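Laboratory data are not the source of any read-out in this text; all were calculated from the coordinates shown. Quantities reported herein were computed from a predicted structural model and do not represent experimental measurements.
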Amino acid sequence: MDGKSEMATDNMQCCFCGEEIARISPDPVRLQVAGEEGETQELYCHLAHLKHAMHPSVPLYIWTTE
Ligand SMILES: [Zn+2]
């Protein structure tokens, strides 16, 4: 880590709606995607928009009390 990831958390944009995410629990949700070569990218989103994008048959094991 080189400190850039810390700066990036100051202004988080939802990867689904494009809006800035207010830090109100459970938001922001952090998604980490990994490429074949081991490269990763972190994405942020609103929990509500993640749930909306996911198929209902796919379980979420965290935030089960929403
Ligand atoms: Zn959103």
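List the residues, sorted by chain then number, that are 5 or more residues from L43 or on another chain and whose placed amide H is less than 5 Å from its amide H.
L31, Q32, V33
Can you give me the pair-distance distribution of the range 4-53, C-alpha pairs, 10 Å bins, whole percents?
Taking every Cα pair in the range 4-53, the percentages come to 26, 52, 21, 1.
Using each residue's phi in the range 48-53, evaluate 6.51 cos²θ - 1.76 cosθ + 1.60 at θ = phi - 60° and report the 3J(HN,Hα) Karplus result to the nearest Hz, with x for Gly and Pro.
4, 6, 5, 5, 5, 7
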